[in-house]
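Chemist: Right, I'll just put the structure down here and ask away after.
The values are calculated or read from the model by the stated rules, or taken from the named source; none is laboratory data. Just so we're clear, the structure is a prediction, and the values are computed from it rather than from any experiment. Every residue, glycine as well, gets a Cβ built from its backbone with ideal geometry; the counts of neighbours run over all protein chains shown.
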Amino acid sequence: MTKVHALPLAGEPPAELLRPLFRVYRAALGLLAFFFLLPDFLFVRPNAGLDPSWAIAINLAFERGMRFGEDFIFTFGPLGILSTRLNIGVSPLAMMVWDLFLMGSIAVVLYLTLRETRTYLSVFLVFLAAFLFRVVPPHTIALINTLFVIFLFLLIYHLWRGALWALALAVLYSWLIFFTKANMGLPALTLMVVYLAYLVILPRPYGRRPALLAGAGFVILGVVLAVVLNVDMAGFIAGSWHLADAYNDAMALPFALSSAPQEMLPLSLAIIAAFLLLALVNWRTILKNLDFALAYLMIAGYLFLVFKHAYVRAFGHPWYFFQSAPAAIGLLALYARLVTSQDSAETSKVAESTDGGDTNRRGPVEAGNRRLPKSYQTVSEKIAQSSLARWSAGVFLLALLCAFPAGVQLYSTEALDVKVEHLRNYGRMAVSGPPYYEGNPNVQTQALPQSTLDLIGNGSVDVMPWEISTIYFNGLAYDPRPVIQSYTAYDGWLDQRNADKYLSDSAPEFILFSMGDIDGRHPFFTEPRTRRTLLSHYQIVQRTPGFLLLQRREQPLVVTETPGATGTARLGEFIDLEPTDALQFITADIEYSLRGKVERFLYQPKLLWVTLEFEDGETRTYRAVKTMVNDQALVDPFVETLDDAQVYLESLGRDGRRVKRVRFETDLPRAFQPEFTYHITQVVVQEMDAR
Amino acid sequence: MTARLWLARVAKWALFVLVAVMLMPQPGFRGAPAALLSPAQYAVDLASQSGNVDPSSTVFALGPLSRMATRAPQTGRGWMLVFDLLVAAAVVYGLFLLFRRANSVEALLGILAGALVVEGVRSYVFPLAVILWLVMLVVLVDYGQRETLLSLLAAAGLSWLLFYLQSSVGLAALAMVAVVLVFRLVWPGARQRRFTTVVLAAWLLIGPLLALALGIDLPAHIANALRLRSLVAAPAPAYATGVASGSAFLLLALTILLIFAGTLAACWRALRGQPEQAVDWLACGLTAALLLLAFREAFVRPWGHPWLFFQAAAAAVGVLALVLTTRVAARRFGGAFVAMLILSFPVVSANVQVDYLNARVATLRSYAAWALNKPQPDVSDARLEAYLLRPRLLEIVDKGTVDATAELLPSVVASDLAFQPSASVRSLADLPLEIGSSDGPRFIMLGLDDDPAHDPFPAGSAARLGLLRDYRVIWHLGDALLLLERLQRPLAVTLAESQSGVERLGHAVLLSTPGGIQRLQADLDLSLAGRIAQAVALAPQVELVTQYDDGGRESARLTADQLRTGVQLAPVVTDLGTAELFLSASGHLNRPVEQFWLETAQPWAFRSQFDYTIESFASGNTISEDWPLVTLNDGQQLRLVAVQYDLDQDAVVLNVFWEVNAETLAPGLALDHLAFARLLDARGDSVASAALELRDRAPGLRTLASGSRRFLAARLLLPQPPNGETQGYDLEVGLTPAGQPPESAVWRTVLPGFVQTLPSE
């Protein structure tokens, strides 16, 4: 009878006779993984729609040299062009150089990881973890996850080996991530700073100098990149912070409403629970090995970020978690095995003292330049270390087990054929240039009437609420408000940036205005300040079935604000509005309860609703965004359609369907504080002479 | 013993209980008896509960005991409970053997994960067979290693149980037991040869004794299992649907097989040398056999079956990892088990739901309530109602014997008809014709399945000719079925002409006489690669493309074996309408096929050139006298051969086909008669009618010729009554002299949906 251990990462190496076969097998699977991770496209075809529009906007901003953080505020930074992969402002050569760099990084990660594998199973598991990256395209919409996992690998590799090139590359990657997508970049920068501080506080055998040099390089590189990429760092960080923070409130979408398979959430939670259990069971060992503790926290932080990314807005996003969580956990499992084998080898080294031990085991001996606490020398500590490695391996296995269903459709011969076809296309595009400009159907579908084009001429244009592709496909001069799409102006700070732009001298000459919002939100709650400036600074010059063309006024109108009613209300309770011809904005100080805050932080907040009651008694309920109503929201008059908007703009807000009272409510009252204060602001817009 | 060790033991056996509960067979421990079983299972249940039915006519993979697991109608609760107890005892014993060997947390977690995959396949009989198969692997290896009497008894009993539960799996199980017993007899290290000899003899006796006890015709059952060719001989190409529907899982399954093969190769040295390791080889061999058979069971017909492979594969290798005595091999197979577990998990991952435990508890409660004879919520009635036949149809069938194609079998049960199976109608394999025998069923309910392998038309040309010869269509119930009635005087179906030749794949063959009934036999040989593919279950497919004289095309997916046996080339039957035309007018009214060719997406699997023979059949110049015949005043005779209808927006569109005597028909058609159709309400009053003159160039009248035969096709438009949806109407079809009101009808139809024949009087 045999005692069986499923300890794949700490298994025995193959027999001597089979080692060449093992190497071939390892190389084959490594190459296969690399093949699957090759980019599918050199460039992606520009498209119409909400998401394709912001992708186009990033490239247009880059092409036109806009200053990110000032002229352009979005979660993506200037290097977002690497993620959108549009051939707007980016040459094929530049994109190929980037691909070469990224694939080189991936090759290094794969090689160094596979080099540490000792069993057929562990090679296969590494292959699966790499293969799962294809669950979401790793070179486009999930590029940021790809970069972050490489970044984590570099840090962990440096932690283990002390390789300075890994540290230097990690510094570079932290900035690459930051300038690609700031909401992941801010944690990356934080992590880099913490790691460098850790190296300074607990110096490696080679001293503090490398860490200090890396720190200096980190700062210099950041400054240089900010200058080269034309980034206003303060604005970029502040804007990104607002976008990332308020994203929770504005973009949350319950998992039950998503089309994702319902088992995805339980499977994700199982992975997280196992990861937490690993720390709970081995907390003593982890505390004694600070390097491992740091590695664990780094991976934990990443899992938290990617879990939030996946489930705050569950619509189409859960796949992100399964794409990279196994690989991240796999890094920890690899590190745990390396630490364990290293420690046991050093323990044996101490025991054998003079006879040299096994010099064939390359890893531990080469890694012998690291000082170990003496406490590791005891047998019980060795057992604990072994337990840590087993647990880490177990969690990695569980992560693969739970994540593999998300990628199983890719594990087919058809997927292989598709990949080969993609690579052929890549080659063709690299040789003959991107083919997507001629014959792009969006050029036709997004074409503006000639009369509109004549009116606009060479004037600068912005678009509301989001269809930036129209500007691109009609070759207009794009001059956006900083927060480029209305639904992303999640809070007052972001809205104010847009309003400031329209009030400034650099405001666009024209605005293509249409109606629309997402997730069943109130149709006119977003960008209240910005839309108020439309009344005072713009006028309608053309109406088409699909949009209003607004042109900047020669002489702005005068806006007068008057404080209205104030009071306290409860969720579910109507607030009466004063009958008036003025615009009425409400500012409601609705806050989460403690439970609501915890839910919001760890998962997603509960939704808030607003019900409007009109003068004829009809009621309508829409989704309200907490951060927006905390600032101000236009509740009266009610603007829903393009006709309503036309009336609103032409009558300067005086005409339109009037709202009698308004009520805020939620599906789960315990998630919010029951009572809130509010105040109404009445706004009148009028001609200068009328005043 | 320390407290910690006690705690560990308690946890281990608590896990044992949990896994045992998870693996209790379905549906016995999963809730109330399933009322609406799959049609195929109905066939078995019906056959086994009808005392007067010869088991040899029930050709199916499931055996007579499967009705215990499926809670077939009229199966006693006591017997079902006994069956459940036997199954449960086997599962518990197998698990006990595994848990006794599991001495690490990893091993225990591995068992739990393996059990999750095994129990995750939610169905009934097939997964149950796989579970029992796995249990048998455990007990067989245990016997092979330790010569345990209880394990031997369990293995012997299980092998026969499996055989009578699902013959295809059962045959493999019997073979596995035989191998182990022989191994025990010949292996030098065996201690109890005499005992083993006795057991071997006893085991051989158990089967027949069980058959006697259960009233099973053993030779017939064995013959059926062998005829299926499912797992015991070449893969049944008739089952094969190609890999397209299962391609997402095929690569996974192949990876699992590759991992197993690789691990076995890696363990070669470790397992070599000591005689004691022969037992390990035996275990590896049994597991390999199980994997290969499961793969073929799953991928010969990937449509809905691949789950069975994943259910079996990871668990089987997990069992192997636990039972191997060689440490290195055990570790490596443990690793292989982990990889297979990951690869198998997508098959069952959808079961990971928040309410998983609640659902488990609910099914246990439901089973307990059923076992204690408490009243059960009747889950069956509402769903069975959909299968109830219409009263008029029931009147006609009455007590007559009925067979039905697979998807219509629930109607046989729901309507309590006298079921008499005829293998050729239902069988998925291409079996010899039996329905023409004198004791064939009086009625056949014929439906067409989307899958050509399920219905008798695209393949099985012999069965089709048999239907044409012996049956006539008397009802056409929408898209659901044709009701066929056996003819008293069968039609003569004779070979008229034969055409042979050699052709290449993709090249068209022109028919020497287009149209009519044509049968194609083609010796399309497999290449070596094709043979290998077929041997591992992936039967290469060819498309038979037929082209009509107007350029229209149809294609049907076939296998080389089907082509070799012979398939019907013309007429092409694509739906019940074309099937009705074929059976009513011997194919003369179907669109004439002019040419055909064979093409394949797997050219590597076939030799490019093939021999073919095309046989043309004639069904005689006279239609059976069972068809309604009208003799006009001038002696001219017209026989109604088919009525097709369609419901337009506000009208019933009828196509009424009459065969006329070509010799007596004058050149200029003028029969001085009207073809009429009318709708009658429940009181027999006419609510809508239409008539058409039977003369040359009359609007809506067409003359059709096929060889020496002539037909008239009359197109009639009947306005639909306003409340037609809520009230049933009779549709009458007949002929009447011009200028006179319609009198006696020769056909009567109830709208919407079917056509009823009334003999003319």
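Chemist: I want to confirm something. Restricting to region B:305-350 and keeping residues that are more than 7 Å from chain A (Cβ to nearest Cβ) and hydroxyl-bearing (Ser, Thr, Tyr), which single residue is nearest to A:ALA393 (Cα to Cα)?
Modeler: Here the answer is B:SER344.
Chemist: Would region A:207-215 turn up any residue that is of a type in the set (D, E, K, R) and either under 24 Å from A:VAL149 (Cβ atoms) or touching a Phe, Trp or Tyr at 6+ places or on another chain (Cβ under 6 Å) (or both)? Spell out the reasoning first.
Modeler: Going residue by residue through region A:207-215, those that are of a type in the set (D, E, K, R) are A:208-209.
Remaining after also requiring either under 24 Å from A:VAL149 (Cβ atoms) or touching a Phe, Trp or Tyr at 6+ places or on another chain (Cβ under 6 Å) (or both): none.
No, because not a single residue in region A:207-215 is of a type in the set (D, E, K, R) and either under 24 Å from A:VAL149 (Cβ atoms) or touching a Phe, Trp or Tyr at 6+ places or on another chain (Cβ under 6 Å) (or both).
Chemist: So is B:LEU293 more than 14 Å from every other protein chain (Cβ to nearest Cβ) and either of a type in the set (D, E, K, R) or in a helix (DSSP H, G or I) (or both) or not? First the steps, then the outcome.
Modeler: On the way: more than 14 Å from every other protein chain (Cβ to nearest Cβ): yes; either of a type in the set (D, E, K, R) or in a helix (DSSP H, G or I) (or both): yes.
Taking the combined requirement at face value, the residue satisfies it.
Chemist: Determine whether B:ARG472 is basic (Lys, Arg) and modelled with pLDDT of 80 or more.
Modeler: Working: basic (Lys, Arg): yes; modelled with pLDDT of 80 or more: no.
Judged against the criteria, B:ARG472 is not a match.
Chemist: Of all residues in region A:424-469, count the ones that are modelled with pLDDT under 85 and buried (at least 18 other Cβ atoms within 10 Å of the Cβ).
Modeler: Total satisfying the criteria: 2.
Chemist: Follow-up question, since we're still on this one. Scanning region A:402-421 for residues that are touching a Phe, Trp or Tyr at 6+ places or on another chain (Cβ under 7 Å) and buried (at least 24 other Cβ atoms within 10 Å of the Cβ), which turns out nearest to A:ASN282 (Cα to Cα)?
Modeler: Taking the candidates together, the pick is A:ALA403.
Chemist: B:ALA240 is checked against (1) more than 30 Å from A:ALA415 (Cβ to Cβ); (2) at pLDDT below 75 and fails just one. What number does that condition carry?
Modeler: That leaves (1) as the condition not met.
Chemist: If a residue counts only when it is modelled with pLDDT under 85 and under 17 Å from B:PRO603 (Cα atoms), which strands (runs of 3 or more DSSP E) contained entirely in region B:491-576 have at least 2 such residues?
Modeler: Working: elements: B:494-504, B:517-523, B:541-548, B:553-559, B:567-570.
Because the criterion is at least 2 residues that are modelled with pLDDT under 85 and under 17 Å from B:PRO603 (Cα atoms), the strands (runs of 3 or more DSSP E) in region B:491-576 that meet it are B:541-548, B:553-559.
Chemist: Then there's this: Would you tally the residues in region A:544-559 being basic (Lys, Arg) and surrounded by 16 or more Cβ atoms within 10 Å (Cβ to Cβ)?
Modeler: The first filter runs over region A:544-559 and keeps only residues basic (Lys, Arg), leaving A:552-553.
Within this subset, residues satisfying the condition of being surrounded by 16 or more Cβ atoms within 10 Å (Cβ to Cβ) are A:552.
The number of residues fulfilling the criteria is 1.
Chemist: State all residues of region A:261-277 that are among the β-branched types (Val, Ile, Thr) and facing another protein chain (nearest Cβ under 10 Å); if no residue qualifies, say none.
Modeler: Initially, region A:261-277 is screened for residues among the β-branched types (Val, Ile, Thr), giving A:271-272.
Selection gives nothing.
Chemist: Could you count how many residues in region A:291-336 are in contact with a Lys or Arg (Cβ under 9 Å, 6 or more places away or on another chain) and closer than 21 Å to A:ARG390 by Cβ?
Modeler: The total comes to 2.
Chemist: While we're looking at this one, here's another question. Going by the conditions given, is A:VAL44 within 30 Å of A:ILE468 (Cβ to Cβ) and either facing chain B (nearest Cβ under 7 Å) or at pLDDT 85 or above (or both)?
Modeler: Details: within 30 Å of A:ILE468 (Cβ to Cβ): yes; either facing chain B (nearest Cβ under 7 Å) or at pLDDT 85 or above (or both): yes.
When the stated conditions are applied, A:VAL44 passes them.
Chemist: How about region A:621-655: which of its residues are more than 17 Å from A:TYR487 (Cβ to Cβ), among the small types (Gly, Ala, Ser) and touching a Lys or Arg at 6+ places or on another chain (Cβ under 9 Å)?
Modeler: A:GLY653 - this is the single residue of region A:621-655 that is more than 17 Å from A:TYR487 (Cβ to Cβ), among the small types (Gly, Ala, Ser) and touching a Lys or Arg at 6+ places or on another chain (Cβ under 9 Å).
Chemist: Within region B:324-364, restricting attention to residues that are surrounded by 15 or more Cβ atoms within 10 Å (Cβ to Cβ) and outside any helix (DSSP H, G or I), which residue is nearest to the chain's Cα centre (by Cα)?
Modeler: Only one residue tops the list, namely B:VAL348.
Chemist: Further question on the same structure: Collect the residues in region B:351-375 that are hydrophobic (A, V, I, L, M, F, W, C) and within 8 Å of chain A (Cβ to nearest Cβ), keeping them in residue-number order. Lay out the reasoning, then the answer.
Modeler: Filtering region B:351-375 down to residues hydrophobic (A, V, I, L, M, F, W, C) leaves B:352, B:354, B:357, B:359, B:361-362, B:364, B:368-372.
Hits for region B:351-375 are B:VAL352, B:VAL354.
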